[in-house]
Every structure is written in structure tokens, then in C-alpha cells.
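The values are calculated or read from the model by the stated rules, or taken from the named source; none is laboratory data. Keep in mind that what you see is a predicted model, and the values were worked out from it rather than measured. Reconstructed Cβ throughout: ideal geometry from the backbone, glycine too, with neighbour counts over all protein chains shown. Each accessible area value is taken on the protein alone, full model and side chains, heavy atoms only, with ligands, DNA and RNA left out. Shrake-Rupley method; radii C 1.70, N 1.55, O 1.52, S 1.80 Å.
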Amino acid sequence: MARARPRGHALAVAVAVTAALARAVGGIRVDRIGSRDIARGRIGDARVVASLGGRAVTVSDDAIASVSLVDGARAWRVTADDGEGFEGFAMDAARGRGGAASGRAARMMDVVRGGTTTWEDVVDVGGGVERANGGADVEMTRETSTYLSRGAVAAFDSASGETKWRADLTSAVSSAGMGVRWERVFYGSCGGTKGSTCAFVLGRDVELGTPCAAELDASDGGVVGAKCAANKWALAEDSPFVITREVGSSKTPRALMMTRDGGLAMADVGALATRGKGVSAASVPGAIGSRVTSIEDVIGIDVLSRDAAMSIGGVVVRYADGSSALVKTDVAKGALEIVVSHDNTDDSRTTYSPLVSSGEKSVVVVVRSTSLGNGVMRYKHVAVTVSSGVSSVLGVTTRGDHLKRSSPLRRAFAIPRGASGWATILVDEDATMSFHEGDVVVWTREEASSQAEHVVFGSLPVDESVYGETGATESLSLSERLELQKLMLKARFQRVNKAEMKRLAELRSRAGNRNLARRDVNGFRKSILALSPRGSLVAMHNGDGRTLWRQYFGGEGFGKFVRLMAWRPLSGDESVEYALALATTADSSTFVVVNQYTGDIFGEPVTVRTRAAHVLPIKTSGGRDALIVVDGEGKTGLYPEATRAEVAVGLHRLSYYTIDRNANEVRGYKLIDESGSFDSLHAWTVSFPSDTGSIVGVAAKPPSGENVHSWTRIPGDRSTLFKYLNPNVVFVATSDGASVRVTLLDGVTGRILYRVRHGDARGPVHAVAYENWVTYHYFNTRARRYAMSVLEMFDDGDDRRRLEVKKLVYDAIVGRERNETSSSHSPPPLRVIGQSYFIRPEAKVLAVTRSARGITEPAILIGTASDQVISLDKRFLDPRRPTKPTAADNEEGLIPYAEVLPIFPQSWITHREVVKRLRGIITAPADLESNVHVFAYGLDMFYARITPSASFDALDDDFNFALLSVTLIALVVGAVVSKRAADAAEENRAWR
């Protein structure tokens, strides 16, 4: 008699299988982390570096970090808040403390144990912030840390953070101008009484440039005196204050400064603070140069080294003929004395490190850097003992090649290495950092991309031999392949730890071909071109983030670089892709064309005598590129000049607009040709009344790359909606703090297309416009939540409403094209549909994905206030989402309305990564329709290849076909064996 199988057991098995499958589905996202994305953390352009054991502490405007002297790996990092920077830093290495001044914040960190904050406070500035217009600085002693911020001074207990005293200098000195910019705080002898100590603050009159000083009682912060010098001592704008003090002396400190006429001035700080006197001319006896062009102090961040530097008054003096000298100061006499000097007999650049005190020695490392051509730099490192002037050569190193070109040296830092002597950390003009010991470059940190403000996706060559790479994919051993399969299986069931995920990403990278430096048929492999304002251009591979090449333009005096774009020059090689970098000065614009594959400059840079406030790209009839640049007064410049005749033919189609936030206006202009000279003509103005508030948000459609798959939308009821695809739509948002008003206008005619008001809302407003819609992010004051709204524009003309779906389908089948054009001067009636939703994250950047053919549903990319990136499906921002879906709505696929936009775990495309100091997000389509490239940049960088509508047209890059074949064979064998076993069991039951 057959026994019934227990149902409970079967149910338990079913539940277990279902749970395992659900976990596997959720694990797919975990499995893909690191397979299509890269994240790189940076430390920024190091302004100061100091040794701390086997590590170095670096300080940039963006971050304070610790890096290993062995391999340059970052141990920890602390970043400044948005809108702030680390303006001052001092370190007590003996006690493992670091004091940082960032805006109004005073912070003490444990620089040994991960940079953790031990205490934090605010340096109060009262009501004189704007008038003070000051900087920030830190002075540390064993017991007290004193912070200067925007004209306010506060002293804290270094260990506990307890406030000792506060002082406000914002109105301490009467000035008829803009006030005093207070810049340096330090301690020194009060004068008169030997051993007494006072706090001193140095600054300058913002308008007149004269030096100012304040003397404070070190016990309670009382202002003893605060004065400015006479007008004849106007300081150079970039002149530092080089402090000299003698501990325990009755002499007050002295400060060396550079005047606007290229001279030197020495100030008795005590006399200046109390009487407004004590400033006199100074000179360097035996100087090899004549007119002084700049001075640099040699004060580092470590307390012991700072004391040593101030006790000798070390300063670097540079002259107009290129010569320089390391000079020290006699604090008693105020006299200057040359320690070592360097003339300008060759093409070398001389760079001096801050003074470092180690044992009985105080040393400054002097580095002579020479360009050997072809991107190679040679560095000669010399240690100079300041007290005696004795020099010793530490080593000679070389760095760079024809691709990874070394830019000019900017800063040098001496690193004591015990009995072995000294080593050097160098920071180049493009922020690249390298560690040199003896004749060896131990490591290099690529930091140029941390300064980038303009980024585009570039192309890779057909042949990767230009990079000296073979193109062979590294094969995995049998054991590594088995390990890869094991880790992939564990990842699918979310059983991997952090180390295993790192190992999985490494094995995938080695097994695949995504890191090859050549283009692929799907357009997955790309270069990322990043340009900094100083002129550093870096090309990175999107597979692993490695640097393919570096180029630096800043040394040519081109000015500030403000634009980067793909470019097709008139006489360029058809097999090569190019890029154009645009730089501007006060009265000119310079165009530099580079080879995207190698970074070589194509042709000669061209300068026009027009500052580019507006850039108007143009395509010539041959498909080549041209640019018209327009300055703030309407004056134009053309590049290249050879295209003038061809550009003049289509000039009447060009226009531009300006946003005047001060006047609360948008003004439009058109270009005209007057006897071969291009000029601007004011065409229209849209003014926003003062009661609507100020302009808090502007957005426009991208000038190119908008691929529209369909110009119609078919609702579920078979009607037709025709998208209004005007490329000139401009979004403008104004806010008075109580509401946000949105205006859509035509950027060619100034015609108002649509207006809407959001009550109980305020800015800032971040927006993105694409195809026929615009979406924007703001704050809802009533709900105390962030909100996003969307507006979709449709052509509502009579001729559109009469068209039927079947007619459009028939025309498409028979190949009857509807080539229609529309003009901004005769716009059709519009139907605008809008809707608003709440959203949890605060946004600081918005972007939109673009696919190759426009079939893939776009996604809105939100750069959050926490410096991460969210991908939000555009279907959730559909203004037609119904509250009660009908059958037609369901057929169309409309998502039911919900007031809150959903943020799923898989929506965070940065996963656990954070792009600190996030500045922007760019996107580009891959050649495969479903895939989109995304790059987020700031201090850090993050790249990902995402599929907004899922990967509907390809398998994963690392899809294991061998495993699939083995699985299918195993299933067939299992089916045959199971069939035979079932037949045998059935036969046995029949015989019973």
C-alpha cells in the first residue's frame, strides 16, 4: 500500500527554494557591483605636506589626508564641507594633533588614528563677516590652539576644545574702504617685558593694500592695539607675511612683505599694531637679481618646524630675471642674509620646500627641475642646512614620457628619512604628486583629475599600440577560473564579504577585455577626458580608471580653461578623433586642439582678441567644426578664421541669450554680418518683476546628442500626442522664498511658452531639459520636504489633433516620410501637462541619460547632497500617472500615481561609494542601445555603465558560455537518468 507524502515537508522545501531564488535575484545587483563601474578617491592638489612617521599628511583646499610613504596609498581622508575649504592647518606631530580652519569651523583631529575629529567648534564672527572679508589660519602651541576666521579670533584648549577666549577684529580698525582682511595669527613676545607672550594678527586693507596688525592679550583675548600702516606701504596682492620671532626675547616679532612696486618692507609687528608705525624698507645684501617679483615663506604645518622657520625668518625671494634666493632674517636687527642663491643660467626651475626641523638640523630641500623634452622632467634634489648654508645632493630623478607628460614643478616638501637622510615629495602644476628618494621615484599619485571642472567622453584608437600595450587579454589559470565561478555563485546568493567582492572584481577584470585600450564594436570601451581650469588635460580609461595620457597647457599663459568639447578640425586626420580646449583671459580666448588618442597638440594654439562669454558651435558643410565666441559686450571672434565665408551664409540662424541675475532679466541676441564682420544685435528681453524673487535656477536643452526615437506618444485610448521638440526651450525659475515660479521661454524669440507657480516653495532649483520635457527639484516649505516637478510639452495644433494612429502607421509602412519643420517665430499651440512629487534626497546636480537611438527610456540622474548618484526611471516622473488606472492606462503601461517618488536600493548607482565634493555628472550613449555611460566627478570620480531599461539587447560581458554548455549537458544527462529511474520505479510498483 502506497504511503502519502507529508505535505508539510513539501511546503517547507518550496518555501526554502523560493527564498533562495529571491535572495539570488537580489544578489544579482551585488554580483554586478564593480563589474561595470570604477571609483577612485583623490586627495586633491596638496598645498602642504608634512611627515608623520611612515606616512605623510597632506593638506589641500578640498581634503586633509594621510598617505603611505611606501606606495602612496591613502590611509585616511577628511574632506571639507561644500562651499568651504581647508584654509589653515597646523599639526603637533608629537601629540598626534592637527588643527584645521575651514570657514567658520574650528576642528581638532587625531592625525594618527584615522583623522577622527576630537572636538569641533565655531569661530564666531559677529555681524561683520562681509566687511571683514578675511581668511582663515591656525596657530598651535602645546596647550592652546588659536583659530582666525573672517576677522574673528578664538583660542581653545588643544586637548579638550574648551574655549579660552574670543576676540572680534572686524571693526577693530576704522577704514574708509572695504575693511581689513585678516590673514595670519601667531604668538610672539609682547615687547618690553622679557618672556611675556601676546597673540598677533596680520592683515591688509582690502582697498588700499596697506599692512595692518592687531595685538591681543594671550590670557583673555583683549585687544591691546590694532592699526594699519601709511598708504605708501601698499602690499602686492599675493604677498604673504613672513614672520620672524625670537622665543623668550623682549623683541616683538617682525614681518617681511612685498610691496606693489616690487620692493621689500619689514614691519615691527608690535609697533604697527599699537602705533601704526614700524614699517621700513628692506633689501637683500648681495642679491643677484634686481626687482622682486614674489616672496614665499618656508613655514610648514608641523609645530616644531614652524617654530624653527619663524626663529630664522626664512623666506624665498624671486627676481624678475628668474634668479632666486633663500634668505634668513636677523630678528634683533631686522637684517636679511642670503643662505643660498640660484641664478637663471639654464632652463631649470628652482623650487624650495618648507623648512623641516629634524634633530639638530633645520633643512630646506631645493629642487632644480629641468625639462628634457618629450614630456620628461629631470629633478636634482639638494638639502640645504639653513644655519650654515651647507648643501648636499640627495639624488637626481627623472619622471614622465611622451604620453604621461610631467608638468612643471609647483611645490616641494622635505621628508626626513632617519639615518638615510632626506627624501622629497613633489607636487606638479597639474596636482600630480610623486615621492622621490635618492635616485628613485618611489611612487606617483594621479591627482590631476581631482581638479577637473570640464569632462567629456572620448574615443579610443583602433589599435592600442599607441600606448605601448599588446592588447592581449590576460588568461586565468584553471584554479582562478574555478575561484571566479565560486565567487560569482556566492555573490548571487549574497554570501560574499568585502575582500571577496574585491577579488571578484579583480578576476573579472583580468578575465574580460574591458580594459583593452582600443575601441570595441559595442562602444563599451571609452576614454574620459578631464580638463582643469589651470590647463591640465587627462585621459583615463573607463575600464579601470588608469591614466592613458596627460597634457598640460597652463604654462603657456593661456588663462583659465572654461570649455572642453569634441572637435573635427579642417585639416585633421579622418582616422583620428580630436578635442578642443578653450581658455580665456580678460580680453582674449585661446583654442587648443589635441589628439584624443595621444594628447598631442594638433597644429598651433590660436588666440582671438575676444573673451568667450558665450560659445556658439557651428557645423560647416563638410562636417567640420567652427566656433563663434561672443564677449560680454557683444563683440565676436571666429575660430577657425578660414570658415568665415561659409559661416556667414548661415549666420542669420544663430542666436544666444544671457542671464542677468542682478537685473533679473534674460536677454536675447542675434548675430548679423556687417561687411564681413560679425556683430551682435539685441533682439528681446524678458524681465522678471522683483516681487517674483530672484533667478534661482536655469536649464536649457543640450546643443547636441539628443536622439529622439519617436516624435509621437500613443496613449492607451489610441489617440496621438505629438512631442514639442523645440531645441531652444529655456527653463528659468525665480523664487522669493515663499514660492517658486517657473517660466519656459523660447531662446530665439523670447516668447513665453508656459508659466507655473509653486506655492510654499523655495530654491535653489536644479533642472534638466530633454526632448519635450523638463523636470526640476526644489524645496517644499509647507511639507518640509524636497519635491520634484515635471512638465511635458505637446504640439496641440489642429493639424495634429486630426491625425490618426492608423494613418501614421500606414505612412510608416509604405515609407512615406513626414519631413516637417517648425519655427520659433511661428510656434504651435501647446498643451503642457505637469505633476509634482515628493522625493527624499536633496539634490545638488541633475542630469539625464542619452541612448544611441533614443529607444531606451531615459533616466534622471540625481547627484545628492551626500555626494552619491541616484538613477530615477523617467516613468516615475510621468505627469500622466493616473490615481485610478483604467484599462487603457494599464495597456499603455502608466504607473499608478503616488505622491512620493520611490528610491530603490538598486537606484543608487554609486552603491556604497561617495564622490566627495561632487561637481557634475555627464552621460554618453554606448553603441549598444540599452547601455549608457555615466561619469560623476568632483574631488573623487565614479564611472558606471548602466542599463536604464535593462539589458534587452545583449548578454553580460562576462557571461560564461562554457558554464552554460556544461549546465545544459548536465540537465540532459540528469533528465535521461531521472527518466530511467522513474521508469524503473514505476515498473517496481506495478510488480508489487
Among Gly151, Gly191, the single one that is modelled with pLDDT under 90 and closer than 30 Å to Thr118 by Cβ is Gly151
Any strands (runs of 3 or more DSSP E) falling wholly within the stretch 703-753 and containing at least 2 residues that are of a type outside the set (Asp, Glu), under 15 Å from Leu830 (Cβ atoms) and at pLDDT 90 or above: 729-735, 739-746
Is at least one residue of the stretch 920-935 crowded, with 16+ Cβ neighbours inside 10 Å, modelled with pLDDT of 90 or more, within 27 Å of Leu564 (Cα to Cα) and in contact with a helix residue (DSSP H, G or I) (Cβ under 9 Å, 6 or more places away or on another chain)? no
For the stretch 558-569, indicate whether the set of residues that are open to solvent by 40 Å² or more (accessible area, probe 1.4 Å) and more than 17 Å from the chain's Cα centre (by Cα) is non-empty. yes
I'd like to check something: does the stretch 65-82 contain any residue that is touching a residue at least 12 places away in the same chain (Cβ under 8 Å), out of contact with any Leu (no Cβ under 9 Å at 6 or more places or on another chain), acidic (Asp, Glu) and at negative phi? yes
Write out, first by first residue and then by second, each pair whose Cβ atoms fall under 6 Å of each other, whose residues are 6+ apart or on separate chains, and whose first residue, in the stretch 734-747, is under 13 Å from Ser789 (Cβ atoms) while the second is outside any strand (DSSP E or B) and among the basic types (Lys, Arg). none
Where residues in the stretch 288-317 are open to solvent by 50 Å² or more (accessible area, probe 1.4 Å) and farther than 19 Å from Ala46 by Cβ, which of them is modelled with the lowest pLDDT? Ile288
Need pairs with beta-carbon distance below 6 Å; first residue in contact (Cβ under 8 Å) with a residue 24 or more places away in the chain and within the stretch 826-840, second open to solvent by 50 Å² or more (accessible area, probe 1.4 Å) and in a strand (DSSP E or B); sequence gap 6+ or separate chains. Val832/Tyr754; Phe838/Arg785; Ile839/Tyr786
Between residues in the stretch 405-430 that are touching a residue at least 12 places away in the same chain (Cβ under 8 Å) and residues that are open to solvent by 10 Å² or more (accessible area, probe 1.4 Å) and in a helix (DSSP H, G or I), which pairs lie under 8 Å by C-beta distance while being six or more apart or on different chains? Ser407/Gly554; Ser407/Gly555; Pro408/Gly555; Glu429/Gly554; Glu429/Gly555; Asp430/Gln451; Asp430/Gly554
Quick one: is Val384 within 30 Å of Ala539 (Cα to Cα), modelled with pLDDT under 95, in a strand (DSSP E or B) and more than 27 Å from the chain's Cα centre (by Cα)? no
Residue match in the stretch 223-235 (condition: part of a strand (DSSP E or B), aromatic (Phe, Trp, Tyr) and at pLDDT 85 or above): no
Within the stretch 251-293, residues being closer than 21 Å to Ser189 by Cβ, among the β-branched types (Val, Ile, Thr) and not in a loop (DSSP other than H, G, I, E, B) number 3
Is it fair to say Asn497 is open to solvent by 20 Å² or more (accessible area, probe 1.4 Å) and at pLDDT below 85? yes
Would you pick out the residues in the stretch 206-217 that are at pLDDT 90 or above and either in a helix (DSSP H, G or I) or closer than 25 Å to Arg166 by Cα (or both)? Pro211, Cys212, Ala213, Ala214, Glu215, Leu216, Asp217
Which of the residues spanning the stretch 395-431 are within 37 Å of the chain's Cα centre (by Cα), farther than 15 Å from Thr350 by Cα and hydrophobic (A, V, I, L, M, F, W, C)? Leu403, Ile415, Trp422, Ala423, Ala431
In the stretch 660-684, how many are open to solvent by 60 Å² or more (accessible area, probe 1.4 Å) and either in contact with a Ser or Thr (Cβ under 7 Å, 6 or more places away or on another chain) or not hydrophobic (A, V, I, L, M, F, W, C) (or both)? 8
Tell me, please, whether a residue that is more than 30 Å from Asp82 (Cβ to Cβ) and at pLDDT 90 or above can be found in the stretch 811-827. no
The listed residue being more than 22 Å from Ser305 (Cβ to Cβ) and basic (Lys, Arg), out of Arg245, Arg275, Arg254: Arg275
Of the residues that make up the stretch 199-217, is at least one more than 30 Å from Ile338 (Cβ to Cβ), under 36 Å from the mean Cα position of the chain (by Cα), surrounded by fewer than 21 Cβ atoms within 10 Å (Cβ to Cβ) and not β-branched (Val, Ile, Thr)? yes
Cβ pairs under 8 Å, 6+ apart, first in the stretch 546-565 and in contact (Cβ under 8 Å) with a residue 24 or more places away in the chain and of a type in the set (A, V, I, L, M), second open to solvent by 20 Å² or more (accessible area, probe 1.4 Å) and outside any strand (DSSP E or B): Leu548/Tyr467; Val562/Pro533
Restricting the stretch 646-659 to residues that are open to solvent by 40 Å² or more (accessible area, probe 1.4 Å) and within 17 Å of Gly750 (Cα to Cα), the residue that is farthest from the chain's Cα centre (by Cα): His652
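Per-residue answers, yes or no, for (1) under 28 Å from the mean Cα position of the chain (by Cα); (2) of a type in the set (Asp, Glu):
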site: Ala888; (1), (2): no, no
site: Glu891; (1), (2): no, yes
site: Ile922; (1), (2): yes, no
site: Pro925; (1), (2): yes, no
site: Leu928; (1), (2): no, no
site: Val932; (1), (2): yes, no
site: Leu939; (1), (2): yes, no
site: Tyr943; (1), (2): yes, no
Going through Ala888, Ala936, Ala982, Ala926 one at a time, which residue ends up being out of contact with any Gly (no Cβ under 7 Å at 6 or more places or on another chain) and of a type in the set (A, V, I, L, M, F, W, C)? Ala982
For Ala586, only one of the following conditions fails: (1) among the aliphatic types (A, V, I, L, M); (2) within 25 Å of Thr547 (Cα to Cα); (3) open to solvent by 80 Å² or more (accessible area, probe 1.4 Å). What is its number? (2)
When every residue in the stretch 455-481 that is surrounded by fewer than 18 Cβ atoms within 10 Å (Cβ to Cβ), in contact with a Lys or Arg (Cβ under 8 Å, 6 or more places away or on another chain) and aliphatic (A, V, I, L, M) is compared, the one modelled with the highest pLDDT is Val462
Specify which of the listed residues (Leu616, Leu681, Leu638) is at pLDDT 90 or above, under 30 Å from Arg755 (Cβ atoms) and over 27 Å from the mean Cα position of the chain (by Cα). Leu681
Return the only residue of Ile618, Ile628 being in contact with a helix residue (DSSP H, G or I) (Cβ under 9 Å, 6 or more places away or on another chain) and open to solvent by less than 20 Å² (accessible area, probe 1.4 Å). Ile628
Please work out if Val592 is of a type in the set (Val, Ile, Thr) and without any contact (Cβ under 8 Å) to a residue 40 or more places away in the chain. yes
